[in-house]
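Single-structure report; data block below.
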Amino acid sequence: MNSRGSGAGDQPSKLDVQFQLIADACGREGTDIGIVRFPDGSLDYMYQRGVILVRNGYLDQVRAVVGVEDSAEERATHDRSVEGVTLYSLADARIRDTFDALTAIDRELGPGIATPNHILSITPVFPCPATEPEGVPLDMPPDPGPCDGGGSGVSIYVPDTGLLEDAATHPWLAGVTGQEDELPPPDGAGVVMIPEYTGHGTFIAGVARCMAPGATVHVTSDFTTAGALSEFELVRRLNQALGLGVNIISLSAGGTTRHNLPLLSFESFWNRYRFCKGTLLVAAAGNNSTRRPFWPAAFPQVVGVGALAANWRSRAYFSDFGSWVDVYAPGEDLVNAYAVGTYQYREPPNIGQEREFAGMARWSGTSFATPLVAGLIAARMTRTGEDARLAADALLAAARAQHIPGVGPVLLPCDTGDCDREPALCGCGCSPRGR
């Protein structure tokens, strides 16, 4: 484990345990992961060791700063598959440490010329989105429940952990496609142990489908390595999604960055994104309970989604917040599809306990508020004929006009029954649930 600025004691913290899971899994695939902490031991950011991201116009200056000889430069392996940015190897440099190299580049060339290749995660601090899943009976309906229609002709793309093989046994997930989210085989006693991140993508697809039952939803298995992926690799995959002509990308992952600077790789993505006028990126605001920017949700081009508490009237205790969060939606104690098997808890007060799951779960996180908003946008697109960006603009304008004091703009799902909220707060035009 590589850790800087650690103020932690001898006992491993929750962050230590989570980071070690990510580092070990990425290490098995040949990626060396480092972590930078604040003096109190809390997470600053995660990054890939041995490489930096460099703006292409500054490659020669960076070579001079880090001390690369011409002959070594010819041997070095760099990745230029993201336009305008090079994933630059420090293997043949005089300054090989990522942190030291960036410090030297900042001093000589200024901040933002080179950055870490940040590691983004569906679980930046917690071993689950915000809480660990809780088992509920298989016959318990999803909450929020399915809307009446909406989403027909709209495609939602979900870069996540993939789709469980038996997802279609849940009626609201029928027709959803995706790369497989694999469960391990049964052990000698016939028990299937559910890994930490398994079911995340299926739960997200279920939430989106409940808001937009007619939408085409596709879930990819991009975050299968301990729920983590580098920013450079994520942009490569998002560029592929743009090429598919999808309407909405629902991303329940992200991270904090060195000096809070925007993710450098995404500058390339925005160059393509601005020409895909019918495509919208919706992203989770993170579960760190701070106003610190969480990327890519904090980008102005993105609809950044925070989470409401279970009462739908206050911000969830775990949700990030601040002016960069565009809207808040229910994200605490949602119920939807999950894996079948045994889950071992890693968090107090249930640490060490094993519980059975029958295919449904109650779960919390901005991870799940995000597809709820994506689904509401899809539903409005069907109802009005607007493209994704226009539909989002209209919903956000309504949410801002009827914000909850102390929280911010709010969108609620539709549901049947009496309601004590103004209908405009409901994203799909039905009456939202009264709570």
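The values are calculated or read from the model by the stated rules, or taken from the named source; none is laboratory data. Bear in mind the structure is a predicted one, so any value in this text is a computation, not a measurement. Cβ: placed from backbone, ideal geometry, glycine included. Neighbour counts: every protein chain shown. Accessible surface is based on the protein model in full, side chains and every heavy atom, while ligands, DNA and RNA are left aside. Shrake-Rupley method; radii C 1.70, N 1.55, O 1.52, S 1.80 Å.
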Which FRET efficiency value, to the nearest 0.05, is calculated for residue 397 and residue 79 with the Förster distance at 35 angstrom and r the Cβ-Cβ distance?
-> 0.30
Mean Cα-pair separation over length for the chain, i.e. relative contact order, pairs under 8 Å, 6 or more apart, % = 16
Where in the chain are the DSSP H helices whose alpha-carbon span along the long axis reaches 24 Å or more and whose Kyte-Doolittle mean is at least -0.5?
-> 366-384
Taking R0 as 30 Å and r as the Cβ-Cβ distance between residue 271 and residue 94, the FRET efficiency 1/(1 + (r/R0)^6), rounded to the nearest 0.05, comes to 0.35
Simple spin-label estimate for residue 244/residue 189, 7 Å along Cα→Cβ, in nm, reads 3.9
Result for the chain: accessible area per residue, probe 1.4 angstrom, in square angstrom, of 39
Max mean-square fluctuation residue, GNM over the chain, Cα-Cα springs under 10 Å, options 265, 89, 364 = 89
Exactly which GluC sites (Glu not before Pro) in region 129-238 are in a DSSP loop and have at most 15 other Cβ atoms within 10 Å?
-> 165, 182
Where does the chain land at 222 nm, in deg cm²/dmol rounded to the nearest 500, when only DSSP H runs of n ≥ 4 count, each adding -39500 (n - 2.57), divided by all residues?
-> -7500 deg cm²/dmol
Do you know the relative contact order of region 344-400, to the nearest whole percent, from alpha carbon pairs under 8 angstrom that are 6+ apart?
-> 17
Stretch residue 347-residue 259 to full length: gain in nm at 0.36 nm per residue minus the Cα-Cα span?
-> 28.7 nm
If R0 is 51 Å, what FRET efficiency do you get for residue 387 and residue 32 from their C-beta distance, rounded to 0.05?
-> 0.75
For residue 290 and residue 20, compute 0.36 nm times the residue count separating them, minus their Cα-Cα distance, and round to one decimal in nm.
-> 94.9 nm
Scaled radius of gyration (Cα, divided by 2.2 N^0.38 Å) that the chain gives | 0.97
